[in-house]
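> One structure coming up, written as structure tokens, with questions to follow.
The values are calculated or read from the model by the stated rules, or taken from the named source; none is laboratory data. As the structure is a prediction and not an experimental result, all values here were calculated from the model. Using ideal geometry, Cβ is built from the backbone for each residue, glycine included, and neighbour counts are taken over all protein chains shown. For the accessible areas, the whole protein counts, side chains as well, though only heavy atoms, and no ligand, DNA or RNA atoms are used. Shrake-Rupley method; radii C 1.70, N 1.55, O 1.52, S 1.80 Å.
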Amino acid sequence: MTTTASDPTTEVELAIGGMTCASCAARIEKKLNRMDGVTATVNYATEKAKVSYGGDVSVQDLIATVEATGYTAQEPAPPVREEAGGADEDDELRPLRQRLVTAVTLAVPVVAMAMIPALQFEYWQWLSLTLAAPVVTYAAWPFHKAALTNLRHGAATMDTLISVGTSAAFLWSLWALFLGTAGEPGMTHPFELTISRGDGSGNIYLEAAAGVTAFILAGRYFEARSKRKAGAALKALLELGAKDVTVLGADGGERTIAVSELTVGDRFLVRPGEKIATDGTVVEGSSAVDASMLTGESVPVEVAQGDPVTGATINAGGRLVVEATRVGADTQLARMAKLVEDAQNGKAAAQRLADRISAVFVPIVIALALGTLGFWLGNGAGPAAAFTAGVAVLIIACPCALGLATPTALMVGTGRGAQLGILIKGPEVLESTRKVDTIVLDKTGTVTTGRMTLLAVHTTEEADEAEVLRLAGALEHASEHPIARAVADGALEKLGALPTPEDFANVPGLGVQGIVDGHAVLVGRERLLEEWAMELPEDLARAKSEAEAAGRTAVAVAWDGEARAVLDVADAVKETSPEAVRRLRTLGLTPILLTGDNEAVAHAVAREVGIAPEDVIAEVLPQDKADVVKRLQGEGRSVAMVGDGVNDAAALAQADLGLAMGTGTDAAIEAGDLTLVRGDLRVAADAIRLARRTLGTIRSNLFWAFAYNVGALPLAAAGLLNPMIAGAAMAFSSVFVVGNSLRLRSFRAAS
């Protein structure tokens with residue numbers, strides 16, 4: 001059966017065991033994708049398969065297919081918090097480390113005797129055989145086992161190359177020792193970097209078999225360690241959360257439970273210095289919350305009753321009682337971790353090309369090795385010379401570095417981004433950042449704070465600013481209107497406590513009125529004052545006109561029969577937005593301001609942040625934002641979009657690159673390609689810089705991996721590389737790729 005567009009599909013992540021190189025991943029992926037209704041991506045670095053399936057296919061069918069290919073598969077177990085950090089990781093690396101120690105300990109004297117004629121005593125060759133045998137059998141067994149498994153399935157991988165190369169060197173040496181002249185007393189074996197012609201019966205290559213095994217095991221071990229180090233950011237992210245939480249019962253009693261047992265609606269206690277267990281709302285107390293480990297913001301955030309708080313942040317001040325609003329996989333921390341993991345499990349287009357090349361590379365190399373052997377034999381170089389060149393071709397060709405080029409860079413880049421509050425949704429995002437030339441900025445909540453703020457107070461000569469704020473703030477404090485809250489918050493910030501009004505009344509569409517400290521106070525539109533036969537003096541009328549021209553809301557204040565002040569209220573521009581726009585320009589991007597507000601407001605904000613008038617698009621309905629992005633794309637531009645609201649989701653999805661503010665709505669976050677955890681627009685520039693640098697690292701990794709294989713193969717085929725030196729160079733190439741990727745950990749946000 002083949003699924004159709006209407007068939008429901010399910011997604012599952014499988015943990016794959018037994019992979020040793022990128023060719024293994026390519027084989028598994030190919031087998032899975034041959035199943036009806038299955039789309040699979042297998043990642044060698046993370047050892048996971050992300051599979052979408054439908055129709056009659058089940059998870060057990062997927063696992064059976066992987067096992068039939070010669071590997072193991074299972075659904076990942078739920079993460080278990082480790083008390084002793086690193087224990088499981090150490091257990092996983094221990095067998096590989098034991099084989100490496102054995103190989104190095106025994107191979108060093110074998111290599112030394114083969115390379116230094118002075119160490120070649122009378123029966124040195126037999127001691128070399130005694131030492132090399134455990135290396136080629138026990139230490140190299142994972143390579144032989146994988147090669148045999150793949151052979152049963154008619155496939156060849158990197159392990160096939162390693163197994164054939166080391167086995168051939170060892171078996172040739174056995175023949176020379178027992179049936180040739182190499183076992184005779186007093187035989188010497190001078191060390192040469194190039195081939196030497198001869199009949200081969202007096203030459204042994206135990207140093208190649210043992211040395212190559214040791215070098216490749218060392219490369220595999222350090223690759224394994226480096227891959228885990230590269231993914232440490234994700235592990236650290238998951239470890240940020242609290243382990244236990246103190247829950248308050250209906251009777252006020254306290255009990256301690258595991259965080260995993262929390263449910264939505266539970267109220268829990270957070271003492272000073274403790275981590276907040278999960279996302280919630282403060283229902284009692286006030287404090288400062290340190291969110292630096294989650295958002296990168298160093299300044300603690302003041303919270304009080306009604307304010308939202310995020311799990312894994314630290315209560316730096318007073319006692320808080322929080323009501324859980326999100327638990328488990330719904331929390332911001334869990335969603336961050338999922339985004340990072342999804343990105344690390346993905347593949348860029350360049351890496352998919354590398355995987356396809358790796359899948360056909362092995363049989364080509366084996367054919368090339370046989371061709372090299374035949375060429376040298378046909379040209380009279382002798383079996384030893386021909387054999388040396390053939391083995392060097394097998395060893396030098398292992399394209400492990402190709403398989404690691406993208407995953408390691410992506411893992412380190414996304415992990416570093418998570419630490420800086422930048423979440424990269426997938427590897428295909430990286431390609432988008434390279435070509436983007438225009439960035440559309442939603443105004444409200446992105447360039448501005450997204451909430452009304454008191455910006456200025458204009459008073460008559462007879463009025464005092466403090467008195468204006470005290471009377472107006474007290475009256476507005478009783479109202480729920482956003483503009484009223486802005487006035488009240490501004491008064492509270494400057495004066496502290498405010499008096500309680502009497503006879504408060506809301507005048508729909510005009511403002512509020514009431515008695516404050518014996519004064520009859522009016523706060524609202526100019527029309528409200530006119531209804532009470534009051535007019536604004538000339539200076540206040542001028543201030544009102546200037547405020548409205550600047551896109552601000554002018555609020556008139558009067559008491560005791562006279563107009564006393566005009567308050568400017570607006571959605572304030574974030575302090576960091578002008579600097580953010582400047583940084584975006586330095587990246588070669590043209591910033592465009594997009595808003596549903598009127599032209600006056602839009603141009604006032606644009607002037608403040610440094611956006612040109614011609615790059616302002618105002619009075620756009622929410623449903624039309626995506627059309628604006630389409631129009632810009634139709635002009636030949638590659639467009640990035642930064643937004644935070646539900647009305648930005650379609651535009652974020654339409655854009656070539658969508659950057660969602662993590663302080664915004666879930667819809668925007670889901671639609672974006674990059675999520676900026678902090679509400680600071682400067683992070684958008686950092687995100688693009690990090691994504692471009694990660695892409696550059698991937699490209700350099702792929703270049704050097706390809707260049708190494710293409711450049712080294714002719715040298716090996718020409719007999720210019722000793723097999724042991726070829727093995728060392730091959731192992732070094734993989735470590736180089738991982739090391740180059742790890743340089744991304746040094747990425748710093750612009751100061």
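> Looking at the square roots a ≥ b ≥ c of the eigenvalues of the Cα gyration tensor of segment 562-624, which shape do they give, rounded for a/c under 1.5, prolate if a/b is larger than b/c, or oblate?
Values: a/c = 2.83, a/b = 1.55, b/c = 1.82.
In terms of gyration-tensor shape, oblate.
> Do any GluC sites (Glu not before Pro) in segment 521-558 lie in a loop, going by DSSP, with at most 15 other beta-carbon atoms within 10 Å of their beta carbon, and if so which?
Details: sites: E526, E530, E531, E535, E538, E546, E548; in loops: E535.
In loop regions of segment 521-558 (DSSP not H, G, I, E or B), the sparsely surrounded GluC sites (Glu not before Pro) are E535.
> Shifting gears a bit: Given the whole protein assembly as supplied and a 1.4 Å probe, what does the accessible area of R582 come to in Å², nearest 10?
120 Å²
> How many nm is it between the label spots at V59 and E635, if each spot is 7 Å from the Cα in line with the beta carbon?
So the label points at V59 and E635 sit 5.0 nm apart.
> Based on the Cβ-Cβ distance of R745 and Y123, what FRET efficiency does E = 1/(1 + (r/R0)^6) give at R0 = 51 Å, to the nearest 0.05? All intermediate terms of the calculation are to be shown ahead of the outcome.
Working: r = 51 Å, r/R0 = 1.00.
Step by step, r from the Cβ atoms, then E = 0.50.
> In what order, largest first, do F504, F747, F178, F361 sit by accessible area if the probe radius is 1.4 Å? Numbers along the way, then the final one.
Working: F504 75, F747 5, F178 130, F361 35 Å².
So the residues, ranked largest to smallest area, are F178, F504, F361, F747.
> Rolling a 1.4 angstrom probe over the protein chains, ignoring ligands and nucleic acids, what is the accessible area of S58 in square angstrom, nearest 10?
S58 has an accessible surface of roughly 40 Å² with all protein chains in place.
> On the full set of protein chains, 1.4 Å probe, figure out the accessible area of T137 and give it in Å² to the nearest 10.
The accessible area of T137 comes to roughly 80 Å².
> Separate question: Which FRET efficiency value, to the nearest 0.05, do you get for N598 and E531 by plugging their Cβ-Cβ distance into 1/(1 + (r/R0)^6) with R0 = 30 Å?
Values: r = 26 Å, r/R0 = 0.86.
That gives a FRET efficiency of 0.70.
> Per the 1.4 Å probe, what fraction of the accessible area of segment 485-578, in percent, lies on carbon and sulfur atoms? Please list the in-between numbers first.
Details: 2140 of 4740 Å².
Heavy-atom surface of segment 485-578 belonging to carbon and sulfur, 1.4 Å probe: 45 percent.
> Which whole-Hz couplings ³J(HN,Hα) result when phi for each residue of segment 363-371 is put into the Karplus expression 6.51 cos²θ - 1.76 cosθ + 1.60, θ = phi - 60°, listed in order with x for Gly and Pro?
In residue order, the calculated couplings are x, 5, 5, 4, 5, 5, 4, 5, x Hz.
> If you don't mind, there's one more thing I want to ask. Provide H481, H603, H144 ordered by accessible surface of protein heavy atoms (probe 1.4 Å), highest first. Walk me through the numbers before you get to the answer.
Details: H481 100, H603 50, H144 25 Å².
Sorted descending by solvent-accessible area, the residues read H481, H603, H144.
> Something else now. At R0 = 56 Å, how high is the FRET efficiency between A367 and D251 if r is their beta carbon distance? Nearest 0.05 is fine.
The calculated FRET efficiency here is 0.10.
> Mark the label point 7 Å from the Cα of E284 along Cα→Cβ and return the residues of segment 243-263 whose backbone N is within less than 11 Å of it.
Under cut-off, by backbone N: 248-254.
> Let me check something: with ligands and nucleic acids excluded, how do E184, E575 order by accessible area (1.4 Å probe), largest to smallest? Walk me through the intermediate numbers first.
Working: E184 100, E575 180 Å².
Sorted descending by solvent-accessible area, the residues read E575, E184.
> How fast does segment 516-563 diffuse by Stokes-Einstein, in µm²/s, taking the Kirkwood radius from C-alpha pairs at 37 °C and 0.692 mPa s?
294 µm²/s
> Multiplying the sequence separation of R97 and L587 by 0.36 nm and subtracting their Cα-Cα distance, what value in nm do you get? Walk me through the numbers before you get to the answer.
On the way: separation 490, 0.36 × 490 = 176.40 nm, distance 4.51 nm.
Taking R97 through L587 to full extension adds about 171.9 nm, to one decimal.
> In whole angstrom, how far apart do the alpha carbon centroids of segment 104-118 and segment 583-661 sit?
67 Å
> Need the full-extension length gain, D244 to V360, defined as separation in residues times 0.36 nm minus the C-alpha distance. One decimal, nm.
Details: separation 116, 0.36 × 116 = 41.76 nm, distance 5.15 nm.
Taking 0.36 nm per residue and subtracting the Cα distance, the gain is 36.6 nm.
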